[in-house]
Amino acid sequence: MIEVLVSMGVIGGIGAILAVVLELADRYIANYGECKIDINDGTRTLTVEGGGSLLGSLVAEGIFIPSACGGRGSCGYCKVKIAEGGGPVLPTETSWLTPQEQKNDMRLSCQVKIREDLKIHIPPELFLIKEYRGRVARITTLTHDIKEVRIKLLEPAAIEFQTGQYMQLTVPEYGDVEESVYRAYSLSSPSFEKDEVEFIIRLVPEGICTTWVHQFLKEGDEVTVNGPHGEFFLRDSDKPAIMIAGGSGLAPFKGMLRDLARQHSTRQVTFFFGAVSQRDLYHRELMAELEKELPNFKFVPALSKPAEEDRWQGETGLITDVVGRLGENIAGSQAYLCGSPGMIDACIAVLTKNGMPQAEIFYDKFS
Amino acid sequence: MKMTPQLLKAAEKMKAGDISRDGFFGRDERDLAAILDEQHAACLRLGVGYEQIAREMRRIGHAGAGGFGAPVEVDGKWSVVVDENRGKIPCPWPHPGVYQKTVYTVENLRTGQSVRYSELTIHMIFTHGFFQGEGAPFYNAPATLIDVLEIAPEAED
């Protein structure tokens, strides 16, 4: 038995040493020279130094493929289609790619090393994503666990986006965090504010980015963001809009409502905001101002467990119960939802039960 | 137990600042294999498998999901608060799997004792038998979980 274990150990050890030698040789000896990356059948062609990851090379050329883990192969977001030159799918990728995706030549760009010329396909809108350097203009504490961060853009100094989209905030190395990562947050500023962007960020227990924002980031600090990303925005329509959010999910709606106010919109909008108790409510004054500016806007905060000292007079119960009380009156409306997956799934169930078609429900899940 | 290449990779990712701010080891300075050994032995001594503990953590935690952050009474025994946060976190072990950053706080209404754990915690206990190192943010000793969640040993066939 001991001999078998020793043999297994020796074989394993030799394998591990060979793997390390191969990795070092690949890193320091292999020279792939210049390689070409053809994007979307010649729409853009990049010449890059071979040997780097596809994701890193694209980012260095200003093409931002969404990724939450900074290229460590642990989020599975940075998928691109590689028509030629990607080599075989690696074991580190298979778990993130469905059989259909593998059949369609989808790959994790962070795991693909550039060894030869490549032909890739990416969604054209990714060409519009830029990296912005900015300075923190203001940090406002909104609740016990939510802060609002406003960033003045420096380079480029202006941004084009659709209100409701999100950007990725780069977290630099700090404390024990030895590698930079980026995390996605909804923009809470409206698209007419082109020289500043704003985010509403809730502290996540153990969160690398939110801890940095809540405990380390200061007004005046330089930061980097990239975007815009996402397809969550108010559709151009005369249909009444029902907005539903909880926690930091208020962010995109703040921008959307400010946009509507600037346009002197008469669209009927009801915004249901769910919280546990009064200490979780914020921006009530802003909502009251918007109610004055928008003749057909109503803000409906609802507390699921108001504290005794809250002396709460408003709606009580789960946000799903409050929305459910609208009954079938919602049938001709559109709904916009932003919050936790559980809340969104429960709200969709209530809305569809009351006659709203799925096609009229738009959402941004915290996932 | 020996530190296999898989465990070495996992331990690297469990360090503070890699996939979570404070990491998974807390104050425990032993290697991952030693922690796993000790926690597995604790479960055997207590007569409750780690899979069984994780199943109860999941069942009771998920039963509180409908409260959207407000306390929900489960089975008349526990008050459960579920906090679903933005984003997902991968398992430090080298295998596929990302988990919503959901945090469960379960209070035993009879004893007042409570435990706090995440969706990833449930996975790591169920799949890897890893309760994290003492002092880690979501560490709970097997005995504490068994007490608070009132888990009885499964009857043998």
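The values are calculated or read from the model by the stated rules, or taken from the named source; none is laboratory data. Being a predicted model, the structure only gives us computed values, none of them experimental. Note: ideal-geometry Cβ built from the backbone for every residue, glycine included; neighbour counts use all protein chains shown.
Structural remarks
- Some residue of segment A:211-226 being under 30 Å from A:Leu326 (Cα atoms) and under 15 Å from the mean Cα position of the chain (by Cα): no
- Strands (runs of 3 or more DSSP E) contained in segment B:58-157 and holding at least 3 residues buried (at least 22 other Cβ atoms within 10 Å of the Cβ): B:78-90, B:98-108, B:114-118
- Just so you know, in segment A:127-162 the residues that are among the β-branched types (Val, Ile, Thr) and surrounded by fewer than 16 Cβ atoms within 10 Å (Cβ to Cβ) include one that is farthest from A:Glu198 (Cα to Cα), and it is A:Thr141.
- Residues in segment A:313-327 that are charged (D, E, K, R) and not in a helix (DSSP H, G or I): A:Glu315, A:Arg325.
- If you go through segment A:291-319 and keep only what is touching a strand residue (DSSP E or B) at 6+ places or on another chain (Cβ under 9 Å) and farther than 22 Å from A:Gly164 by Cα, you end up with A:Ala302, A:Leu303, A:Ser304, A:Lys305, A:Pro306, A:Asp310, A:Trp312, A:Gly314, A:Glu315, A:Thr316, A:Gly317, A:Leu318.
- Matching residues in segment A:142-186 - criterion: being within 14 Å of chain B (Cβ to nearest Cβ), closer than 19 Å to A:Asp364 by Cα and of a type in the set (A, V, I, L, M, F, W, C): A:Ile146, A:Met167, A:Leu169, A:Ala184
- From the options B:Leu36, B:Leu46, residue that is within 29 Å of A:Glu178 (Cα to Cα), more than 14 Å from every other protein chain (Cβ to nearest Cβ), at pLDDT 95 or above and surrounded by fewer than 21 Cβ atoms within 10 Å (Cβ to Cβ): B:Leu36
- Pairs meeting the criteria (first residue in segment A:316-333 and closer than 13 Å to A:Thr352 by Cβ, second residue basic (Lys, Arg) and in a helix (DSSP H, G or I), beta carbons under 9 Å, at least 6 apart or on different chains) are A:Gly324/A:Lys353.
- Only a single item in (1) buried (at least 17 other Cβ atoms within 10 Å of the Cβ); (2) of a type in the set (D, E, K, R); (3) within 12 Å of another protein chain (Cβ to nearest Cβ); (4) assigned to a helix (DSSP H, G or I) is not met by A:Arg258, and it is number (3).
- Residue in segment B:5-17 that is out of contact with any Phe, Trp or Tyr (no Cβ under 6 Å at 6 or more places or on another chain), under 28 Å from A:Leu318 (Cβ atoms), at pLDDT below 95 and not in a loop (DSSP other than H, G, I, E, B) present: no
- Looking at segment A:108-222, the strands (runs of 3 or more DSSP E) lying wholly inside it that each contain 3 or more residues that are within 30 Å of A:Glu93 (Cβ to Cβ), of a type outside the set (Asp, Glu) and touching a residue at least 40 places away in the same chain (Cβ under 8 Å) sit at A:118-121, A:166-171, A:181-186.
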